[in-house]
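Read-outs: derived from the displayed coordinates by stated rules, not from any lab. Note that the structure is a prediction, hence the values are computed from the model and not measured. Here the Cβ is made from the backbone with ideal geometry for all residues, glycine too, and neighbour counts use every protein chain on show.
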Amino acid sequence: MDDFRYDVVWRRIRRDEYAKKLEGKFQFRYDRLAKLVNWGALSWLYAHATASKQAHHLGVEHNAMRFLSAGPPARSRHRASLRTAAHVLHWGHPPLSYQSAEGLLRAAHVKSEIRVVLETIVKEVIDFGSLKCDQPDHDGRCAPAVLEGERPFELYRWLAAWTVKDEWSRLWEAIVDAESAAGREAPKPRSRKRH
Ligand SMILES: [Zn+2]
């Protein structure tokens, strides 16, 4: 199992070499998370609510790795994809985090221009990932539920995936580099239907 990478002085999880290598290629996105307060506007009310999204992000990535290491060996098949998801998941948080996400969804109810922007983002992610999220028999109702404002806490994931879509070729190179540097066989691209 990975070492527990806790820095007792700064009270946060340290990045390992893999994380530094992969996220180092997207330094702006990593640094941005340090400026985002995890609790959004709550930090205006509570002076101690200052934890950054970056601190949260480091914890998520570390827990994802421990989950993989602790499980049956079959889990390692998902190592690169789960690890990448942990590294990019928080890229999509708007300023003030969930409050802005909810604000955007509320604005989309009264302003068609905003609704069109959000619908376009969700559609582009669905196309890019060849997802079934907008089909009526899709159990999760992921796309309609987020667009109708039922799950404001999920909007950041769509925004993150949309960013990943734009960064995909650089991100793919970064994953291959990080995996090879860690001594593992580089992942191979799956054939994609539409991209
Ligand atoms: Zn879905």
For a test of understanding, tell me how many lysine pairs in the chain have Cα atoms under 18 Å apart, given they are 8 or more places apart or on different chains. 10
Counting only residues 5 or more apart in sequence or on a different chain, those whose built amide H sits under 5 Å from that of Arg12 are Asp7
Once you keep just the Cα pairs under 8 angstrom separated by 6 or more residues, what percentage relative contact order results for the chain? 21
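Based on DSSP H runs of at least 4 residues, each adding -39500 (n - 2.57), what is the mean residue ellipticity at 222 nm of the chain after dividing by all its residues, to the nearest 500 deg cm²/dmol?
-18000 deg cm²/dmol
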To make sure I understand, if each residue's beta carbon is the centre and we count other beta carbons within 10 Å, what order do Lys21, Lys123 fall in, fewest to most? Lys123, Lys21
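May I ask you to compute the full-extension gain from Ala182 to Arg66, defined as 0.36 nm times their residue separation minus their alpha-carbon distance, rounded to one decimal in nm?
On the way: separation 116, 0.36 × 116 = 41.76 nm, distance 1.62 nm.
So the extension gain works out to 40.1 nm.
Relative to the Cα centre, what is the charge dipole magnitude of region 1-69, using +1 at the beta carbon of each Lys and Arg, -1 at the beta carbon of each Asp and Glu, and rounding to the nearest 20 debye? Before the final figure, lay out each step's value.
Values: 13 positive and 8 negative charges, 44 e Å.
My answer is approximately 220 debye.
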Sorting Tyr98, Tyr6 on the 10 Å Cβ count, fewest up front, what's the list? Tyr6, Tyr98
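In nm, what is the difference between 0.36 nm times the number of residues separating His78 and Gln135 and their Cα-Cα distance? It would help to have the intermediate numbers written out before the result.
Working: separation 57, 0.36 × 57 = 20.52 nm, distance 2.59 nm.
Full-extension gain reported as 17.9 nm.
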